[in-house]
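The values are calculated or read from the model by the stated rules, or taken from the named source; none is laboratory data. Given the structure is predicted, the values throughout are model-derived calculations rather than measurements. Here the Cβ positions follow ideal geometry from the backbone for every residue, glycine too, while neighbour counts run over all protein chains shown. Side chains included, ligands, DNA and RNA excluded: accessible areas come from the protein's heavy atoms. Shrake-Rupley method; radii C 1.70, N 1.55, O 1.52, S 1.80 Å.
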Amino acid sequence: MSKRSTKKMETATLASGCFWCAEAVFKIVKGVEKVDPGYTGGSTVNPSYEEVSGGRTGHAEAVQLTFDPSVISFKEILEIFFGTHDPTTKNRQGPDEGTQYRSVIFYHDEGQKATAEALIAELSKEGIWDKSIVTQVVPFKVFYKAEDYHKDYYARHPESAYCQQVITPKIVKLQQRYFSKLKPP
């Protein structure tokens with residue numbers, strides 16, 4: 001049996017604004033084996049991008065990560081999550097506005113819930129941001145993968161204005177703050 005098949009992988013589901021940004025961030029983090037952009041937290045079954053973008057489904061754009069906790073902990077993933085978006089803006093990240101861009105941690109078990117709540121309390125106490133953290137911590141229910149054309153969006157469209165103005169600065173911030181947590185180029 002190969003070493004890879006015996007790894008105990010875990011899942012994290014996070015919403016931090018546009019899923020193109022979150023996917024680009026987490027694809028280069030050590031220990032993150034898989035990143036899927038998609039939709040979660042709403043009521044519409046198998047929603048389309050157009051439905052979610054219209055803000056009527058209740059879903060948030062999110063990423064679902066499969067990660068190796070022996071390489072990176074859930075807390076470390078959340079530290080990167082908080083360090084690469086603004087958790088103080090309700091229903092908005094940069095130019096993207098609407099409930100589909102809210103900040104949410106969809107916990108998969110009570111351990112993830114406790115970790116998320118403890119980290120939010122710690123960050124709030126540190127006073128890193130001028131405003132209060134509005135990130136929601138809610139139970140995970142279902143995740144719908146986004147349409148194929150969203151997968152690897154940043155890698156396929158690095159020259160687009162949105163990628164240059166929104167995603168590239170997040171990647172630079174990630175590289176500056178969390179270099180030791182990143183996969184080699």
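Before moving on, here are some points about what is shown:
- Of the peptides 56-64, 131-139, the ranking by mean beta-carbon count within 10 Å, highest at the top, reads 56-64, 131-139.
- Column: log10 I(q)/I(0), Debye, Cα scatterers of the range 115-185, q = 0.26, 0.28 Å⁻¹: -1.07, -1.09
- Solvent-accessible ranking of 36, 130, 109, 86, largest area first, probe 1.4 Å: 130, 109, 86, 36
- Dimensions (Å) - the range 69-148, Cα atoms, principal axes, largest first: 33, 32, 22
- Among the listed pairs 7/145; 7/90; 7/125; 8/183; 8/113, those beyond 29 Å (Cα-Cα): 7/90; 7/125
- Proximity of backbone amide H atoms, modeled 1.01 Å from N, is registered between residue 182 and 30 at under 5 Å, excluding neighbours fewer than 5 places apart on the same chain.
- Solvent-accessible surface of the range 1-77, taken per residue with a 1.4 Å probe and all protein chains present: 42 Å².
- Our note on the geometry: Cα centres of the range 78-128 and the range 147-173, 21 Å apart.
- The chain: proportion of alpha-carbon pairs further apart than 20 angstrom, %: 52 percent
- Accessible surface of the chain [probe 1.4 Å, protein heavy atoms]: carbon and sulfur percent: 52 percent
- Label-point gap, in nm, between residue 125 and residue 145 - each point 7 angstrom along Cα→Cβ: 4.1 nm
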